[in-house]
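These notes are about the structure you will find just below.
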Amino acid sequence: MTNQVEIPELGFIGLLRFAWRQLTSMRTALILLMLMGVAAIPGSLIPQRITNPMAVRDFFANNPGLSSWYDRLSLFDVYGSPWFSAIYILLFISLIGCVLPRSVEHYKAMLAPPPVTPKNLDRLSFHQEISASTASLELAATWFKQKRFRVRIEGDSISAEKGYLRETGNLLFHLSLILILIGVSFGSLFGMRGDAIVNVGERFINVPTTYDTLSFGKLINANSLPPFTVKVDRFVAQYDPKTNAPKDYTAWVTVTDSGKTSKKVLKVNEPLTFGNTRVYLQANGYSPVVTVRDSEKKIVFQGPVPFLPQDGNLRSIGSIKVPDAKPSVGFVASFVPTNARTTSQGAISIFPELLDPKLLFSIWEGDLGLDSGVPQSVYKIDTSKLKQIGLGSVKPGETFNYRGGSITLETVIPWINLNVVDDPGKRYALLGGIVAVLGLLSSLYGRRRRIWIRTTNSGVEVAALAKNSAPGLEAEVNDFVKHLKGEK
Amino acid sequence: MQTTWAYISNYFVYSAMAVFTISFIAHAFETAFAVRAPETADTTEGNLLTKTLDYKRTERAARIATAMMILAFFLLLAGVVARGISAKHVPWGNMYEFSITGALAFTGAYLVALRKHDLRWLGLFISISVLLTLGTAITLLYRNSSPLVPALKSTWLVIHVISAIISGGVFLLANVVAGAYLYLERVESRGERPAWLKRVPSLEVLDQLSYRLVAFVFPLWTFAVIAGAIWAESAWGRYWGWDPKETWAFITWVAYAAYLHARVTVGWRGRRAAWLCIFAGSTFLFNYVYVNVWGTGKHTYSGL
Ligand code: HEM
């Protein structure tokens, strides 16, 4: 009876042990490593939600059938997909199963003396016999000591070994990969990131409601935003007059953090830092400042409206929604900082700076749907239920009159997009990266080798062995032999 | 002033191409006459089976070829530096600049490796591929030098790009050696090597050499990827975002790690290892060409 119960149990444990051995075998690790490389490929060819959500939407619109299949296979989220995760989790289990036991073994080997001298030295590389004095072993011992070999001295032989750092570096490298993975996971579980458009002259306050987009890691919530504010005093974008390419973006800001106020400069490669949170200058554009009046000249809307850039010359689109006018009106607008006309495209911008700004719009009347509760883009108006009542354009200082009111372009101010990120895991990932490079250096450049010497009837014999046939051992052995012969 | 430097840079690049051409011709001459040499050599011993090559006649051509290669390297270096002065930044702002710097790194990798290993048999191939690269660069990819976009303004540009370009030069050299291995293996499987291939080292040496090159430069490539991540953190607020360029850098890294494992721990040698090496190198080239020219994402600075 007992047997019948025990056998399946043993079998199960045996099976587990078998699976574990398979998983941590080098061959499996190699296959998993190659699989991970291959698995990363589709994500660079198919648009990804994390990098380019717009392109994913276009892809859906253009290939409805294909994209539903892609979506089922997580091909729009390759790097968060179950199959990609499965590969790297298996790889890392394999890594841990492989590296931890080896670390223990290596540690023991470092404490123990080198293995005993083999019986037949003549089978090893660089074997040579030399007639030398009886004091050879002592000479050898001093040479080994000088060169910092670790030695095992026996009656008639010495076994010496050097280059443990190679193995140490290799293990450190593999362990550091685990550290990097921990850093990455930690960041995605406990981090946050958000975006906010801030007009020049306005203040950004770090609370959830000021963000345009905001997302938190799975294990933290909105209460954890540190209290700071950033007021944008001035922003200058410089462009190359020949190529129109941007040369420099600089924002001058006033920062308050735990009661202290200070002036700071924010640039593309120079984020602001508040403890773990960093604030990046990510994009910029223009906000036309407009005043809309009703037929009785009463102001129904006034203020800057951020427009969204569409190309390198900052042709921008946006919408001005005036629910307080009666009836309410909306302007579907585009803004060009340096106005020019082409017959094919209409108004375009030919330079990204405000050389000849112009606001062009169509005016729509009716229910803007702002109270419907359906979230709307601030840059667009759904005109399907509206009636167009006019078309116009204004330059700064100009007013355009339409049936039922007027719109004035007061001025144009720039806005900047602040990208706020808290990634508490990045320091572990960085530490892992540094250790990885150092570990690799000592692993790939290190040379582990053994040299043996044994007295024979006629003198001594010498032999050596290098792991992975690393170069340079021959010169070293020759040097050793010279020392024994007293030539050095 | 700026345009003057751009002209100077172009002159240097053109001169480098001229000198690479001389080097190419000298290499070709050497190869061609090394083929004929066996007829005149070694027949005295009456052992026709072990014809050895007599290089005395071609030695001078070989020396000229290498000397010209070194001269061309320095001319190209001057061209790259002048380009940098004209643009007032390290000359890695668009694909033309990447290409001339890449050609420089490739030549440099060859010349450095030449000091330790007898690689002169590769010179013909090196000079023609560098010539093709420079020719493509100056005809198809040429752009006037222009200032860097703000995201590129960082010390990390220098650190990241220089390590990536050097790694690339060495990776490609390893690929060439692996390719030579595969070709020679086929030749040898059909019989004895023809005379002009006799001076190319044995298969084992080639096999070992491509591994050495990869193992030598893998830490630098790892560093290049990490430096890129540090830079991305300061410019874009995230150190890793699976942008196509980042993804392919990662794929290259994993492919070479697989290659090293295959050799060191599973014991792959010869043909399989050479194919894996070439595959890994192709991911690097693919990243350079495809992602720069047709790709999307934050890394498309090709200026095309
Ligand atoms: C993320 C995945 C991995 C990467 C990037 C990686 C990378 C490397 C590199 C670059 C080497 C050095 C090769 C050389 O000495 O030329 C190496 C060696 C080695 N790796 Fe990995 N590895 C990974 C996963 C693994 C796994 C899962 C295992 C175990 C199953 C493993 C076990 C080994 C062993 C035993 C060596 C040989 C060390 C030696 O003999 O010097 N590695 N690895």
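The values are calculated or read from the model by the stated rules, or taken from the named source; none is laboratory data. A quick note: this is a predicted structure, and the numbers were derived from the prediction, not measured. A quick note on method: Cβ atoms are made from the backbone with ideal geometry, for glycine too, and the neighbour counts reach across all protein chains shown. Each accessible area value is taken on the protein alone, full model and side chains, heavy atoms only, with ligands, DNA and RNA left out. Shrake-Rupley method; radii C 1.70, N 1.55, O 1.52, S 1.80 Å.
For the reader, a short list of remarks on this structure follows.
- Tilt relative to chain A, helix A:136-146 - C-alpha long axis, 0 to 90 degrees, to 10: 20 degrees
- Counting only Cβ charges, +1 for Lys and Arg and -1 for Asp and Glu, the dipole size of the stretch A:351-473 around its Cα centre is about 1360 debye.
- Among B:Val291, B:Val214, B:Val187, residue whose mean-square fluctuation peaks in a GNM of chain B (springs only between Cα atoms under 10 Å): B:Val187
- Farthest positive-ward along the protein assembly as shown dipole, Cα basis, beta-carbon charges - from B:Trp231, B:Trp121, A:Ala112: A:Ala112
- The protein assembly as shown - charge dipole about Cα centre, Lys and Arg +1 at Cβ, Asp and Glu -1, debye rounded to 20: 920 debye
- Within straight-line reach of A:Lys218, meaning a Cα separation under 20 Å, sit the following lysines at least 8 residues removed in sequence or on another chain: A:Lys426.
- Binning all Cα-Cα separations of the stretch A:285-416 at 5 Å, short to long from zero, yields these whole-percent fractions: 2, 11, 22, 24, 19, 13, 7, 2, 0.
- Nearest 10 degrees, 0 to 90: helix A:26-40 Cα axis against chain A principal axis: 20 degrees
- Hydrodynamic radius by Kirkwood, which averages 1/r over all alpha carbon pairs of the protein assembly as shown, in angstrom: 31.7 Å
- Between A:Gly425 and A:Gly187, the built amide H atoms are under 5 Å apart, and every one of these is 5 or more places off in sequence or on another chain.
- The convex hull drawn around the Cα atoms of the stretch A:135-189, when projected onto a plane and averaged over every direction, covers 4.9 nm².
- Length-normalised contact order for the stretch A:224-377 - Cα pairs under 8 Å, 6+ apart - percent: 14 percent
- Here r is the Cβ-Cβ distance between A:Lys263 and A:Val378 and R0 is 35 Å; the resulting FRET efficiency, rounded to 0.05, is 0.70.
- The angle separating the long axis of helix B:123-136 from the principal Cα axis of greatest extent in chain B is about 30 degrees.
- Proximal aspartates and glutamates relative to B:Lys153, as straight alpha-carbon distance under 13 Å, when same-chain residues fewer than 8 apart are discounted: A:Asp248, A:Glu270
- Proximal lysines relative to A:Lys263, as straight alpha-carbon distance under 16 Å, when same-chain residues fewer than 8 apart are discounted: A:Lys231
- Using heavy atoms of the protein chains and a probe of 1.4 Å, the accessible area assigned to A:Ser258 is about 90 Å².
- Förster radius 41 Å - calculated FRET efficiency between B:Asn144 and A:Arg203, Cβ distance, rounded to 0.05: 0.45
- Using only side-chain charges placed at the Cβ, +1 for Lys and Arg and -1 for Asp and Glu, the dipole size of the stretch A:11-106 relative to its Cα centre rounds to 280 debye.
- Normalising the average separation of contacting C-alpha pairs (under 8 angstrom, six or more residues apart) by the number of residues puts the relative contact order of chain B at 19 percent.
- Gaussian network model of chain B, springs between alpha carbon atoms under 10 Å - residue of B:Tyr183, B:Tyr110, B:Tyr96 with greatest fluctuation: B:Tyr183
- Selected from A:Asn52, A:Ser94, A:Leu35, residue furthest toward positive end of dipole (the stretch A:11-106; charges at beta carbon): A:Ser94
- Charge-dipole axis of the stretch A:285-416 as Lys and Arg at +1 and Asp and Glu at -1 on Cβ define it, positive-most pick from A:Ser295, A:Val394, A:Ser349: A:Ser295
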